[in-house]
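I have placed the structure first, in the form of structure tokens, so that the comments after it can refer back to it.
Any read-out appearing in this document is the output of simple, stated calculations on the displayed coordinates, not a laboratory observation. Keep in mind that what you see is a predicted model, and the values were worked out from it rather than measured. Glycine also receives a Cβ, built like all others from the backbone with ideal geometry; neighbour counts cover every protein chain displayed.
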Amino acid sequence: MNATLAVLGLGGGELLLIFAVILILFGAKKIPEFAKGIGQGMKEFKKASREVSDELQSAMDVDSNPAPRPSTKSISQSSAELPASEQSASTSHASASVPKS
């Protein structure tokens, strides 16, 4: 705490004077309300920053694990997976294009 005060250049007497002025200006009833409001604001800020960091982390996790690409199949592999009725139709078309000698 002394390092913070040293950076601001405030001593003990100066801080006491600042607190006395705040007490005179706002009164003893308003100071706890201000502190409560500041505490709630800090709580909301931490909650929002946590949500943002969680969202960024989940987005990075999705990007690091891309969806697998569909495998490329050759013509012989794809016709082997066709039902028998479609295979006979595709082979009859293939044999029709080949000239007979």
message: At R0 = 30 Å, how high is the FRET efficiency between K47 and E14 if r is their beta carbon distance? Nearest 0.05 is fine.
response: 0.30
query: If each of E33 and M60 carries a label point 7 Å out from its Cα toward its Cβ, how far apart are those two points in nm?
result: 4.3 nm
- prompt: Residue-wise, which Karplus ³J(HN,Hα) couplings in Hz belong to the stretch 28-36, taking 6.51 cos²θ - 1.76 cosθ + 1.60, θ = phi - 60°, and x for glycine or proline?
  reply: 6, 7, 7, 4, x, 5, 4, 5, 5
